[in-house]
Amino acid sequence: MLSNDAAAIAVRVVREELQASGYEAVHVALSDDHKRWIVLCDAVPHTALERAVVVELDAGDGRLLTIRKPRIQ
């Protein structure tokens, strides 16, 4: 699965699981162990992480692992 695929799946997950429309993927990263896609999704117009969510997907099959708020350091 490519990063573009992960982004599309993550946006669909946000729409279906959180019943939230108007979100887009703003960043996609593959975990260091190559087992998870980590996708940052934010509402449009962007909210400076106010309404952002992180969707983690299995890198092999795109299965949802978790949805969480971003960790801000």
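The values are calculated or read from the model by the stated rules, or taken from the named source; none is laboratory data. Computed from a prediction, not measured in an experiment: that's the story for all the values here. When we count neighbours, we look across all protein chains shown, and the Cβ atoms used for this are built from the backbone with ideal geometry, even at glycine.
Of note:
- Note on region 38-73: residues that are in a loop (DSSP other than H, G, I, E, B), of a type in the set (A, V, I, L, M, F, W, C) and within 14 Å of residue 20 (Cα to Cα) total 2.
- Lone unmet requirement of (1) at pLDDT below 95; (2) touching a helix residue (DSSP H, G or I) at 6+ places or on another chain (Cβ under 6 Å); (3) of a type in the set (Val, Ile, Thr) for residue 55: (1)
- Within region 1-37, the set of residues being in a helix (DSSP H, G or I) and either closer than 13 Å to residue 67 by Cα or hydroxyl-bearing (Ser, Thr, Tyr) (or both) comprises 3, 9, 10, 11, 12, 13, 14, 15, 16, 17.
- Candidate set: region 21-45, residues that are of a type in the set (Ser, Thr, Tyr) and either surrounded by 15 or more Cβ atoms within 10 Å (Cβ to Cβ) or free of Cβ contacts under 8 Å to residues at least 12 places away in the same chain (or both); chosen: the one farthest from residue 8 (Cα to Cα): 21
- Selected residue (criterion: nearest to the chain's Cα centre (by Cα)) from residues of region 20-47 that are within 14 Å of residue 2 (Cα to Cα) and among the charged types (D, E, K, R): 36
- Flag for residue 55 being of a type outside the set (Lys, Arg) and in contact (Cβ under 8 Å) with a residue 40 or more places away in the chain: yes
- Some residue of region 48-58 being more than 19 Å from residue 4 (Cβ to Cβ) and among the charged types (D, E, K, R): yes
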